[in-house]
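Accompanying notes for the structure given below.
The values are calculated or read from the model by the stated rules, or taken from the named source; none is laboratory data. Small disclaimer: the values here were computed from a predicted structure and weren't measured. Backbone-built Cβ (ideal geometry, glycine too); neighbour counts: all protein chains shown. Keep in mind that these areas ignore ligands, DNA and RNA; they rest on the heavy atoms of the full protein, side chains included. Shrake-Rupley method; radii C 1.70, N 1.55, O 1.52, S 1.80 Å.
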Amino acid sequence: VQLQASGGGLVQAEGFLRLSCAASGTISSRNVMGWYRQAPGRQRELAAYISNGGTTNYEDSVKGRFTISRDNAKNTVYLQMNSLKPEDTAVYYCNFRPLFATGDYWGQGTQVTVSS
């Protein structure tokens, strides 16, 4: 599985960005796709994930501001990020995990920088 992420950039506080990540290759239909982020000097953490059935989960600090969605026909996951804060600044990584097979796949990371 290959993941191609896009959509990062520089934005002012309270602005918005939309990340996209397209998966290609041998795609298991039962899977979870998500976005993790890693700020400088910190461990990578989950921002949000969504299953192929639409079940979602968000890290507490992004609830109400970020929305994860997916297009199963395109094997693509999106992260709409609104009301961005400087503490959201990080490299955002797309992740793909099949539910009933081994594998843990990562995209190349996309930088999100929020200025105050």
Report task. Starting at the first residue of the stretch 69-79, write each ³J(HN,Hα) from the Karplus equation 6.51 cos²θ - 1.76 cosθ + 1.60 with θ = phi - 60°, in whole Hz, x for Gly and Pro. Result -> 8, 8, 10, 5, 5, 9, 6, 10, 10, 10, 10
Query raised in the report: What does the accessible area per residue of the chain come to in Å², with a 1.4 Å probe and no ligands, DNA or RNA counted?
Result: 53
Requested in this report: Could you work out the relative contact order of the stretch 17-116, using alpha carbon pairs under 8 angstrom and six or more residues apart, expressed as a whole percent?
Outcome: 31
Requested in this report: Return the inverse of the average 1/r over all pairs of distinct C-alpha atoms in the stretch 1-65, which is the Kirkwood hydrodynamic radius, in Å to one decimal.
Outcome: 13.7
Query raised in the report: Placing +1 at every Lys and Arg Cβ and -1 at every Asp and Glu Cβ, with all other atoms neutral, what dipole size does the chain have around its Cα centre, in debye to the nearest 20?
Result: 180
Query - Segment Arg65-Ser29, length gained on full extension (0.36 nm per residue, minus Cα span) - result: 10.1 nm
Report summary line: For the stretch 3-116, one quarter of the surface area of the C-alpha convex hull, expressed in nm², comes to 6.7
Requested in this report: Mind listing the long-range amide H neighbours of Arg70? Cut-off is under 5 Å, sequence gap 5 or more, other chains count too, H placed in the peptide plane at 1.01 Å from N.
Outcome: Tyr78
Report summary line: With x for Gly and Pro, the residue-by-residue ³J(HN,Hα) of the stretch 8-25, computed from phi through the Karplus equation 6.51 cos²θ - 1.76 cosθ + 1.60 at θ = phi - 60° and given in whole Hz, is x, x, 10, 9, 7, 3, 6, x, 9, 8, 10, 9, 10, 8, 9, 9, 9, x
Query raised in the report: With springs only between Cα atoms under 10 Å, which of Phe100, Phe66, Phe16 fluctuates most in a Gaussian network model of the chain?
Result: Phe100
Query raised in the report: If you build a Gaussian network model of the chain, linking Cα atoms that sit under 10 Å apart, which residue out of Gly64, Gly41, Gly25 swings the most?
Result: Gly41
Query raised in the report: Say we join alpha carbon atoms closer than 10 Å with springs in a Gaussian network model of the chain; which of Thr56, Thr102, Thr67 then has the biggest fluctuation?
Result: Thr102
Query raised in the report: Share of the chain's accessible area from carbon and sulfur, percent, 1.4 Å?
Result: 47
Requested in this report: Could you tell me what percent of the DSSP beta bridges with both partners in the chain are antiparallel, to the nearest 5?
Outcome: 90
Query raised in the report: Looking at Ser29, Phe16, Trp106, which one has the Cα that reaches farthest to the positive end of the dipole of the chain (charges on Cβ: Lys, Arg +1; Asp, Glu -1)?
Result: Ser29
Report task. Taking 7 Å along the Cα-to-C-beta vector as the label spot, tell me the Asp104-Ser51 distance in nanometres, rounded to one decimal. Result -> 2.0
Report summary line: Taking Lys and Arg as +1 and Asp and Glu as -1, residues besides Ser116 with C-beta under 14 Å from its C-beta add up to -2
Query raised in the report: Taking θ as phi - 60°, what are the ³J(HN,Hα) couplings along the stretch 88-94 by the Karplus curve (6.51, -1.76, 1.60), each to the nearest whole Hz, with x for Gly and Pro?
Result: 7, 4, 5, 8, 9, 10, 7
